[in-house]
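Peer 1: Submitted below is the structure of interest, expressed as structure tokens.
The values are calculated or read from the model by the stated rules, or taken from the named source; none is laboratory data. None of the values given here were measured: they were computed from a predicted structure. Glycine gets a Cβ as well: all are built from the backbone with ideal geometry, and neighbour counts include every protein chain shown. All accessible areas refer to the heavy atoms of the entire protein, side chains included, with ligands and DNA or RNA removed. Shrake-Rupley method; radii C 1.70, N 1.55, O 1.52, S 1.80 Å.
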Amino acid sequence: MARYVDLHPVDPQPRLVSQVVEALRDDALIAYPTDSGYALGCRIGNRDGRDRILRIRGLDDKHHFTLVCRDFSQLGQLVHVDNAAFRAIRSATPGPYTFILPGTPEVPRRLLHPKKKTVGVRIPDHVVVTALLEELGEPLLSSSLILPGENDVRTMGWDIKEELEHQVDIVIEAGETTAEPTTVVDWSGPEPEVLRHGSGDPSRFE
């Protein structure tokens, strides 16, 4: 049964944040709120967590996972960013954008796209996520919580707990979230390509 953790959306309780992070280190899979709806997340080294995310979402191995980062310096260790992309991405973060870029050797091969060797990265603008990432000290392996047959990202913690009671370990509640997923920008080539229009303004990359 999933544990339900109620975190304050502005000032998350350090004791509860520590409990969630301790569970993540023990290879828990969590459902957590971001600045663009709920996401599923686990430690990068959690192989079983990756497979559980794919099963819950009904996806195959070609799915582009996202590494959710605390700040730009952490992001820069995981992906190759040229000068043009650096300036544009820096100006759009933190925020509701996911950028697909070539991974560095820091990223396990199983998390890279099998052909392109790319991975998604993002820095959310969300107090609870920031608190979790600061305590964890590493990025979260993550994917938007969009269930099979649905087009919209989930936004209600109690609803997720009811539906995924036996598929995730922790559901975090922290107030309302936006019902739109991130805007996805593929910058693995010379020019950016918007793959998904979401809650981030796509015009700056078109």
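Peer 1: Determine the relative contact order of the stretch 60-109: mean sequence separation of Cα pairs under 8 Å and six or more apart, normalised by residue count, in whole percent.
Peer 2: Values: 21 pairs, mean separation 23.0, N = 50.
Relative contact order for the stretch 60-109 comes out at 46 percent.
Peer 1: Let me ask something else about it. For the chain, with a Gaussian network of springs between Cα atoms less than 10 Å apart, report the residue from GLY49, GLY37, GLY76 with the top mean-square fluctuation.
Peer 2: Among GLY49, GLY37, GLY76, the largest mean-square fluctuation in the Gaussian network model of the chain belongs to GLY76.
Peer 1: To the nearest 0.05, what FRET efficiency results for GLU138 and ARG90 with a Förster distance of 30 Å applied to their C-beta separation? All intermediate terms of the calculation are to be shown ahead of the outcome.
Peer 2: Details: r = 21 Å, r/R0 = 0.70.
Computed FRET efficiency for GLU138 and ARG90 comes out at 0.90.
Peer 1: Still on this structure: What whole-number value in Å² describes the accessible area per residue of the stretch 65-185 for a 1.4 Å probe? Display every interim value, and only then the final one.
Peer 2: Values: 5270 Å² over 121 residues.
Value returned for the stretch 65-185: 44 Å² of accessible area per residue.
Peer 1: With the cut-off at 20 Å, report for the stretch 1-99 the share of all Cα pairs above it, as a whole percent.
Peer 2: Roughly 49 percent, once rounded to a whole number.
Peer 1: Given the whole protein assembly as supplied and a 1.4 Å probe, what does the accessible area of LEU78 come to in Å², nearest 10?
Peer 2: The value for LEU78 is about 10 Å².
Peer 1: Sticking with this one: Can you list residues whose amide H is under 5 Å from ASP6's amide H, if they're 5+ apart or on another chain and H is modeled 1.01 Å from N?
Peer 2: The list, which skips near neighbours in sequence, is GLU173.
Peer 1: With a 1.4 Å probe and every protein chain kept in, tell me what percent of the accessible surface of the stretch 1-138 is carbon plus sulfur. Numbers along the way, then the final one.
Peer 2: Values: 2940 of 6250 Å².
Ligands and nucleic acids excluded, carbon and sulfur give 47 percent.
Peer 1: Can you check how the C-alpha radius of gyration of the stretch 117-182 compares to 2.2 N^0.38 Å, as a plain ratio?
Peer 2: Numbers: Rg = 13.0 Å, N = 66, 2.2 N^0.38 = 10.8 Å.
In units of the globular-protein estimate, the stretch 117-182 measures up at 1.20.
Peer 1: Another question about this same structure. As a test of the formula, what do you get for the chain when each DSSP H run with n ≥ 4 contributes -39,500 (n - 2.57) and the sum is divided by the residue count, at 222 nm and rounded to the nearest 500 deg cm²/dmol?
Peer 2: Values: 6 runs with 55 residues, N = 206.
Counting only the DSSP helices, I get -7500 deg cm²/dmol.
Peer 1: Reported to two decimal places, what Rg/Rh ratio describes the stretch 63-130 when computed on Cα atoms with Rh from the Kirkwood expression? Each step should come with its number before you reach the end.
Peer 2: On the way: Rg = 11.5 Å, Rh = 12.1 Å.
For the stretch 63-130, the value is 0.95.
Peer 1: From the convex hull of the Cα coordinates of the chain, what is the mean projected area in square nanometres? Each step should come with its number before you reach the end.
Peer 2: Numbers: hull surface 41.3 nm².
So the mean shadow area of the Cα hull is 10.3 nm².
Peer 1: Amide H neighbours of VAL185 under 5 Å, counting only residues 5+ apart in sequence or on other chains, H built in-plane at 1.01 Å?
Peer 2: The answer is THR98, PHE99, ILE100, LEU195.
Peer 1: Could you work out the relative contact order of the chain, using alpha carbon pairs under 8 angstrom and six or more residues apart, expressed as a whole percent?
Peer 2: Values: 434 pairs, mean separation 68.4, N = 206.
Relative CO of the chain lands at 33 percent.
Peer 1: Return the loop-located trypsin sites (Lys or Arg not before Pro) in the stretch 52-113 (DSSP other than H, G, I, E, B) with at most 11 other Cβ atoms within 10 Å of their own Cβ; answer none if there are none.
Peer 2: LYS62
Peer 1: Quick one: length gained pulling THR130 to LYS117 fully straight, 0.36 nm per residue minus the C-alpha distance? Before the final figure, lay out each step's value.
Peer 2: Numbers: separation 13, 0.36 × 13 = 4.68 nm, distance 2.70 nm.
Full extension from THR130 to LYS117 adds 2.0 nm.
Peer 1: Please report, in debye to the nearest 20, how large the charge dipole of the stretch 47-206 is about its Cα centre when each Lys and Arg carries +1 at its beta carbon and each Asp and Glu carries -1 there.
Peer 2: Numbers: 19 positive and 26 negative charges, 157 e Å.
I would put it at about 760 debye.
Peer 1: Hey, can you grab everything whose amide H is under 5 Å from the amide H of ILE123? Only 5+ residues off in sequence or another chain; H modelled, so Pro and N-termini drop out.
Peer 2: Placed amide hydrogens put CYS69, GLY95, TYR97 under 5 Å from ILE123.
Peer 1: Taking the Cβ-Cβ separation of GLU162 and SER203 as r and a Förster radius of 30 Å, what is the calculated FRET efficiency to the nearest 0.05? Numbers along the way, then the final one.
Peer 2: Numbers: r = 38 Å, r/R0 = 1.25.
Result of the calculation: an efficiency of 0.20.
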